[in-house]
2 protein chains.
Amino acid sequence: MGDKQTRDHIVDAADRLFYENGYEHTSFAHIAESVKISRGNFYYHFRSKDEILDAVITLRLANTQRMLEQWEQEAQTPIERIRKFIDMLIVNQAPILRHGCPVGTLCTELAKLNHAGRAQANTLFTLFRAWLKRQFVALGRKSDADALAMHLLGRSQGVATLANALGDQRFVRREVQQLHTWLEQVVSIPSDSERKAKA
Amino acid sequence: MGDKQTRDHIVDAADRLFYENGYEHTSFAHIAESVKISRGNFYYHFRSKDEILDAVITLRLANTQRMLEQWEQEAQTPIERIRKFIDMLIVNQAPILRHGCPVGTLCTELAKLNHAGRAQANTLFTLFRAWLKRQFVALGRKSDADALAMHLLGRSQGVATLANALGDQRFVRREVQQLHTWLEQVVSIPSDSERKAKA
DNA sequence: GTCTATAAACCGATAGAC
DNA sequence: GTCTATCGGTTTATAGAC
């Protein structure tokens, strides 16, 4: 098996296992079993477990970037694009109920571990935050675009956390419905600061 | 040192360390160092680490119950009581920024570990949920009291998760302000189902 | 009740054969 | 590149002295 190929298999398996069982709880033995290689072979491709985490986050950043670009191609208006973000909670409902949000749960774990990779994991949030902010700016909400982006990020994190803990599907659907309603109101009603700017 | 006393010290230290560094990451050695006892002495008071977790959750349930009862004494109206819940995000802002929500982060971790104590940890959420539901019923929102309780729980979880990851104090204050505004609207505007019931 | 000593398993990481 | 064998450290948990 080629150099690149085995490395990619390791990162793919680690990506899945870190999501399903957590970073610390996932051992080399678990990944090795999934990839069908020996434990010693890891250290040809990576110098440490931290380096595998680094590669996993880099992979997730690339996948997220690609997804956001695809949303921009598929949806022409900012409101449609933000709807794609909200609907993630429905599209990925099954894995979210079982394992939570891949971004939120990783950041939460690395914060507890006070792990060096924490800052890099947070850039996953930043990627969504900057993308959402751009959409709200395009909606004419320049003055509070970042606050709206953070609000939406927080709302979706709350839904994922509670859905994962209590396993309530109806709660997810209800909250997604409310988020769509909230988005409609954001579009139709200008913010305080926008009105002040016009005055 | 008395039997009960040492046991309580162990549970108190474990409670704090589980919150600050996570359940799995906290070892007997860490707790022992904090309580100033030997590792072997644990097994006079507990049969396993799982049993310490059990005791910690039981302690948190009792503390939460006591806090909710105190809120009921301090605040006479349901809306004032719900405001106490929302203001938890301000009162506990410093620990939340550093370690997240004690309930949410524990449930998230135990879900990843597929740990037996998961169901018991979720009852911490249930305690808040049932209490909030009662307040919304008292506000005259009988038909959607549970949905409102879950919504508020989710919102606060999202704020805590994002605040912990990105360490944004202004975000917390802004979201708390919005939650108070949301609560005012809940009080002033009857729900769809309430209006249907009146028609 | 608390201690020391230690078992048994697992962890990340290394050395060296092929 | 991949393997086997193993090191050193940590983990939970036990045994037994005091």
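Bear in mind these aren't lab numbers, they're just calculated from the coordinates by the rules spelled out. Note that this is a predicted model, so its numbers are computed, not measured. Methodologically, a virtual Cβ is constructed for each residue, glycine included, from the backbone with ideal geometry; neighbour enumeration extends over all protein chains shown.
Report, by residue number, each residue of segment A:135-149 that is within 11 Å of chain B (Cβ to nearest Cβ), of a type outside the set (D, E, K, R) and farther than 13 Å from A:ILE82 by Cα.
Restricting attention to segment A:135-149, the residues satisfying the condition of being within 11 Å of chain B (Cβ to nearest Cβ) are A:144, A:146-149.
Now narrow it down to the ones that are of a type outside the set (D, E, K, R): A:147-149.
Within segment A:135-149, just A:ALA147 meets the criteria.
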Requested in this report: Answer with yes or no whether A:ILE90 is within 16 Å of DNA strand D (Cβ to nearest atom), in a helix (DSSP H, G or I) and β-branched (Val, Ile, Thr).
Outcome: no
Query raised in the report: Is there any pair linking a residue in segment A:36-51 that is without any contact (Cβ under 8 Å) to a residue 40 or more places away in the chain to one that is near DNA strand C (Cβ under 7 Å from one of its atoms), with Cβ under 8 Å and at least six apart or on different chains, and which?
Result: A:ARG39/A:PHE28; A:ARG39/A:ALA29; A:PHE42/A:PHE28; A:LYS49/A:PHE28
Report task. Tell me, please, whether a residue that is over 14 Å from the mean Cα position of the chain (by Cα) and surrounded by 15 or more Cβ atoms within 10 Å (Cβ to Cβ) can be found in segment B:62-71. Result -> yes
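Kindly establish whether B:THR105 is hydroxyl-bearing (Ser, Thr, Tyr) and in contact with a Ser or Thr (Cβ under 7 Å, 6 or more places away or on another chain). Step through it out loud before you land on a result.
Details: hydroxyl-bearing (Ser, Thr, Tyr): yes; in contact with a Ser or Thr (Cβ under 7 Å, 6 or more places away or on another chain): yes.
Answer is yes for this residue.
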Report summary line: For A:ALA75, the lone unmet condition from (1) within 16 Å of DNA strand D (Cβ to nearest atom); (2) over 17 Å from A:GLY22 (Cα atoms) is (1)
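If I ask for residues that are within 18 Å of B:LEU166 (Cα to Cα), of a type in the set (A, V, I, L, M, F, W, C), assigned to a helix (DSSP H, G or I) and more than 7 Å from every other protein chain (Cβ to nearest Cβ), which ones from segment A:94-111 would you list?
A:VAL103, A:LEU106, A:LEU110
Identify all residues within segment A:25-35 that are hydrophobic (A, V, I, L, M, F, W, C) and free of Cβ contacts under 8 Å to residues at least 12 places away in the same chain; write none if there are none. Can you show your working first?
So in segment A:25-35, the residues hydrophobic (A, V, I, L, M, F, W, C) come out as A:28-29, A:31-32, A:35.
Of everything in segment A:25-35, those that are hydrophobic (A, V, I, L, M, F, W, C) and free of Cβ contacts under 8 Å to residues at least 12 places away in the same chain turn out to be A:ALA29, A:ALA32.
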**Report entry** Candidates B:LEU132, B:LEU139, B:LEU124, B:LEU148 - the one that is surrounded by 18 or more Cβ atoms within 10 Å (Cβ to Cβ) and under 30 Å from B:GLU24 (Cα atoms)
**Finding:** B:LEU124
Query - Residue that is over 30 Å from A:VAL187 (Cβ atoms), hydroxyl-bearing (Ser, Thr, Tyr) and within 11 Å of DNA strand D (Cβ to nearest atom), where the choices are A:SER48, A:SER27 - result: A:SER27
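Does segment B:16-27 contain any residue that is within 13 Å of DNA strand C (Cβ to nearest atom) and among the small types (Gly, Ala, Ser)? It would help to see each step written out before you state the result.
So in segment B:16-27, the residues within 13 Å of DNA strand C (Cβ to nearest atom) come out as B:24-25, B:27.
Now narrow it down to the ones that are among the small types (Gly, Ala, Ser): B:27.
Scanning segment B:16-27, I find at least one residue that is within 13 Å of DNA strand C (Cβ to nearest atom) and among the small types (Gly, Ala, Ser), so the answer is yes.
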Query raised in the report: If a residue has to be without any contact (Cβ under 8 Å) to a residue 40 or more places away in the chain, within 14 Å of chain A (Cβ to nearest Cβ) and away from DNA strand D (no atom under 13 Å from the Cβ) to count, how many in segment B:8-24 make the cut?
Result: 1
